[in-house]
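Quick note: the coordinates plus some simple rules give every number you see, no bench work behind them. Please read these numbers as outputs of a predicted model, since none were measured by experiment. As a convention, Cβ positions derive from the backbone with ideal geometry for all residues, glycine included, and neighbour counts pool all protein chains shown.
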Amino acid sequence: MIYSPFESFRNEVKCLLNNALKELYPEVHTELELEIPPPGHGELAFKAFTLARELHENPLVIAKRIQKKISSTIEKGKLIAKVIAENGYLNFFVNIDALASTIHESYMNLGEKYGFNPVKESKRIIVEFLSANPIHPIHIGGARNAFLGDSIARLLTWRGHKVRRHYYVNDMGRQVAIAAYGYMLLGKPKLWTKSDHAIGFIYAVTSTLLDLRKYKINLERAKALGLDEYYSNLLRKIDSLVSVLSELRQQSTEVFDRLVDEFNKREDPEAEINHMIWAYENRDPKTVDLIKGVCNLVLEGFKETLSKVGIFFDSFDWESEITSWSGMTKNILELLKRTKYVSFSKGTLVFNANALINQRPWLRTKLNIPENYEVPPLTLIRSDGTTLYTTRDIAYTLWKFKRADRVINVIGMDQKVAQLQLKLALIALGYEEEAYNLVHCGYELVSLPGMSMSGRRGKYITLDHMIDEAVRRAKVEVEKRSPGLTEDEKQRIAEIVGIGAIKYALISVSPLKQVVFKWENVLSFERNSAPFIQYAHARAFNILAKAGKVARDAKPYKGYIQDPIERDLIILLSKFPDVISEAADKLRPDLLAEYANNLALLFNSFYDKLPVLRARPKELMLTRLWIVRIVQVVLKNALNLLGIEAPKRM
RNA sequence: GGCCCCGUAGCUCAGCAUGGAUAGAGCGCGGGCCUUCUAAGCCCGAGGUCCCGGGUUCGAAUCCCGGCGGGGCCGCCA
């Protein structure tokens with residue numbers, strides 16, 4: 001069974017090279033490293049420089065000698081056509097007919113699943129992603145997470161793993177309590193707009209009021225103590241909060257005024273919120289009802305939004321139920337206390353992560369911790385006895401490992417330290433294997449031009465807004481280009497194209513790069529965008545549709561692949577399964593996005609230059625039709641693995 | 001202050017792990033292509049101190065050291 005044609009070619013090259021090297025230089029044992037040469041120099045290259053240094057010989061001479069040896073052993077009809085020594089490189093040229101028929105063989109076996117490239121040992125993998133706090137709508141930062149996580153889950157499935165998507169509902173945090181507090185102050189009102197948007201508003205107002213109150217208290221103290229600098233500093237902060245509030249007020253004046261009113265009647269909101277956190281952790285029925293209610297309202301909104309972008313979860317894991325009410329976090333705290341890495345400090349329990357590292361210095365290499373970096377201690381419980389996020393996350397992680405061999409957490413880079421502390425805590429508890437199988441798939445955050453987003457201040461662009469805008473703009477394009485379609489068709493295409501554009505924009509950049517959100521970048525419908533790739537797919541599909549029954553006879557005929565564009569296309573198509581394995585193993589969907597764009601680019605050139613249905617003789621037509629078929633399948637699969645739909649027409 | 005990530009064409013980015021053959025795309029700019037499978041397209045062109053300075057090397061965008069600029073983290077937040 002051939003999954004990866006290009007891999008077959010690579011293996012043949014390696015085999016030939018190995019044999020030649022064994023005979024020519026039996027004393028040398030170098031690891032064979034092959035690279036992709038620049039255009040015109042074959043498809044795989046072996047660099048003779050390293051070998052040359054070892055043998056103290058001229059690389060050009062060595063390359064020539066190996067070439068001579070290998071040339072005689074190349075078998076006709078196999079994947080290597082010829083080998084040429086140039087500039088100290090040994091360049092291998094692929095036999096395009098053989099490569100095409102290898103692809104064809106793989107396609108005949110896998111059919112529409114061409115590109116499926118399973119690992120030898122399939123694993124149970126949990127991908128935890130999004131897990132946005134249920135206190136405000138999903139914004140563009142959350143969208144990056146959601147698209148990334150979804151695509152990674154899809155890729156891992158195509159790598160033969162058993163993948164499950166989990167959403168961790170953080171219902172125990174302070175933020176949720178704040179949102180619920182505001183909701184309670186309003187008397188649990190009927191919501192005036194989409195539930196997650198409404199709660200997001202209540203949360204932003206309540207949270208800002210809380211901060212304002214805190215600053216004001218500090219201000220009086222500062223005044224009394226005569227701390228002038230601190231005083232004016234606070235004054236500035238208060239000023240900015242006041243302007244945030246006046247902006248918020250404009251969004252929903254009536255609710256805002258009522259909330260401020262109720263808030264100001266309260267003696268000590270801070271204490272009430274702390275009590276709520278405590279009560280929820282201790283499963284007080286009324287508090288449970290309130291907080292769970294608020295979370296469910298927001299989650300309802302999330303699910304509506306996510307279904308629009310085709311993202312679904314296998315499981316919603318409630319933090320409260322799994323980690324706290326089950327007693328698991330308590331048990332873990334007991335176990336942690338017995339290790340020598342936990343101590344009492346100022347009335348709280350602290351995990352000294354660094355003490356663990358000092359005792360086992362090799363962990364630095366294993367976990368990629370910089371030489372002189374001191375991992376900050378982790379506070380495990382508040383002085384009132386309630387637990388903290390990362391503490392509960394230890395319990396949740398172990399829960400996940402009861403159900404999976406590997407756990408991938410798609411979480412922003414801003415939580416790097418917390419994820420590291422989590423791993424170290426697992427090791428302290430004796431779960432070393434689990435720590436190594438826990439992968440933090442991090443990505444840099446999305447910001448707005450000139451500022452970062454803030455849920456606490458209600459400053460964000462929501463995914464809902466982004467979808468509406470994208471679909472609206474796509475609709476305009478569809479109207480312009482395909483006026484003949486029915487209204488339903490136009491709407492459907494606009495949705496596929498608009499949503500695809502957003503997804504591609506957020507997935508195609510490397511996770512290490514921060515994204516500054518600009519509408520014109522996200523809503524691009526030109527090259528290097530989802531619509532560009534979708535368009536190429538629609539064109540390919542169209543040719544196949546026009547070919548009708550003839551398409552069934554499409555296959556590569558020997559000697560009919562002559563144009564360089566056809567050659568390049570076939571080589572690129574042969575690499576698709578390789579790209580899948582690399583993107584999946586490295587958790588880098590952006591690599592797949594780049595591949596899809598390159599394939600679309602090349603296919604469009606092919607489309608423009610070489611006629612398919614009108615090509616004669618018949619063998620040429622059928623060969624080209626076959627190329628179109630494989631391009632269509634690969635583009636569709638690549639798009640789908642990015643979570644993007646491949647339209648049949650546009 | 002300590003640590004992490006990023007810095008490549010006017011703009012958005014790929015390439016950097018494993019150093020090697022002319023540093024690649026897209027947007028934008030200039031020019032050309034629709035009686036031929038959908039022009040959301042194709043072709044041609046201009047455009048680069050690969051942030052700066054050292055070092056390692058026969059060879060550095062890529063590795064090391066030191067700066068500069070942007071972002072993040074260092075909480076009884078998540």
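Restriction of the trypsin sites (Lys or Arg not before Pro) in the stretch A:516-617 to DSSP coil positions whose beta-carbon has at most 10 other beta-carbons within 10 angstrom yields A:Arg614. Rounded to the nearest 10 degrees, the inclination of helix A:285-308 to the longest alpha-carbon principal axis of chain A is 30 degrees.
Entry note, the stretch A:5-94: relative contact order of 32 percent, from Cα contacts under 8 Å with a spacing of 6+ residues.
Go through A:Lys22/A:Lys69; A:Lys237/A:Lys346; A:Lys503/A:Lys546; A:Lys546/A:Lys618 and tell me which ones have a Cα-Cα distance over 22 Å in this structure. Going by Cα-Cα distance, A:Lys237/A:Lys346; A:Lys503/A:Lys546 fall outside the 22 Å limit. For chain A, the longest principal axis of the alpha carbon atoms and the long axis of helix A:530-547 meet at an angle near 40°.
Which of rounded, prolate or oblate describes the stretch A:422-541 when judged by the alpha-carbon gyration tensor and an a/c cut-off of 1.5? Prolate, since a/c reaches 1.5 and a/b exceeds b/c. Adding -39500 (n - 2.57) for every DSSP H run of four residues or longer, then dividing by how many residues chain A holds, sets the calculated 222 nm ellipticity at -19000 deg cm²/dmol. Using r as the Cβ-Cβ distance of A:Glu371 and A:Phe344, and R0 as 41 Å, what FRET efficiency do you calculate, to the nearest 0.05? According to the calculation, E is roughly 0.85.
When both the stretch A:1-69 and the stretch A:470-525 are represented by their alpha-carbon centers, they are found 45 Å apart. The three principal axes of the Cα atoms in chain A give end-to-end lengths of 91, 69, 47 Å, sorted in falling order. Here the Kirkwood formula puts the hydrodynamic radius of the stretch A:526-650 at 14.6 Å, using every distinct Cα pair. Under the combined filter of DSSP loop state and at most 15 neighbouring Cβ atoms within 10 Å, the stretch A:21-72 retains these GluC sites (Glu not before Pro): A:Glu27, A:Glu31, A:Glu33, A:Glu57.
Residue exposure proxy: A:Cys295, A:Cys441, ordered by other Cβ atoms within 10 angstrom of their Cβ from fewest to most, comes out as A:Cys441, A:Cys295. For A:Val255, A:Val631, the sequence from fewest to most other C-beta atoms within 10 Å is A:Val255, A:Val631.
Rounded, prolate or oblate: which one fits the stretch A:328-454, using the alpha carbon gyration tensor with axes a ≥ b ≥ c (rounded when a/c is under 1.5, else prolate when a/b beats b/c, else oblate)? Rounded, because the longest to shortest axis ratio a/c is under 1.5. Among A:Tyr431, A:Tyr230, A:Tyr183, the ranking by other beta carbons within 10 Å of each residue's beta carbon, starting with the fewest, stands as A:Tyr230, A:Tyr431, A:Tyr183.
Of the trypsin sites (Lys or Arg not before Pro) found in the stretch A:61-169, those in coil by DSSP whose Cβ has at most 12 other Cβ atoms within 10 Å are A:Lys76, A:Lys120. In percent, rounded to a whole number, the relative contact order of chain A is 16, using alpha-carbon pairs under 8 Å and six or more apart.
Straight-line cross-link partners of A:Lys194 among the lysines, defined as a Cα under 19 Å from its Cα and at least 8 positions apart when in the same chain: A:Lys292, A:Lys303, A:Lys308, A:Lys459. With a ≥ b ≥ c the root eigenvalues of the C-alpha gyration tensor of the stretch A:35-91, is it rounded (a/c under 1.5), prolate (a/b larger than b/c) or oblate? Cα axes put the stretch A:35-91 in the oblate bin. Any chance you could give the angle, 0 to 90 degrees and rounded to 10, that helix A:228-251 forms with the longest Cα principal axis of chain A? Result, in degrees: 70. The HN-Hα couplings worked out from phi for the stretch A:37-53 by the Karplus form 6.51 cos²θ - 1.76 cosθ + 1.60 (θ = phi - 60°) are x, x, x, x, 10, x, 10, 9, 10, 10, 8, 8, 4, 4, 4, 4, 5 Hz, whole numbers, x standing for Gly and Pro. Panel values: the stretch A:602-650, Kirkwood radius from alpha carbon pairs, Stokes-Einstein at 20 °C and 1.002 mPa s, translational diffusion coefficient 180 µm²/s. Cα centroids of the stretch A:311-365 and the stretch A:545-578: 55 Å apart.
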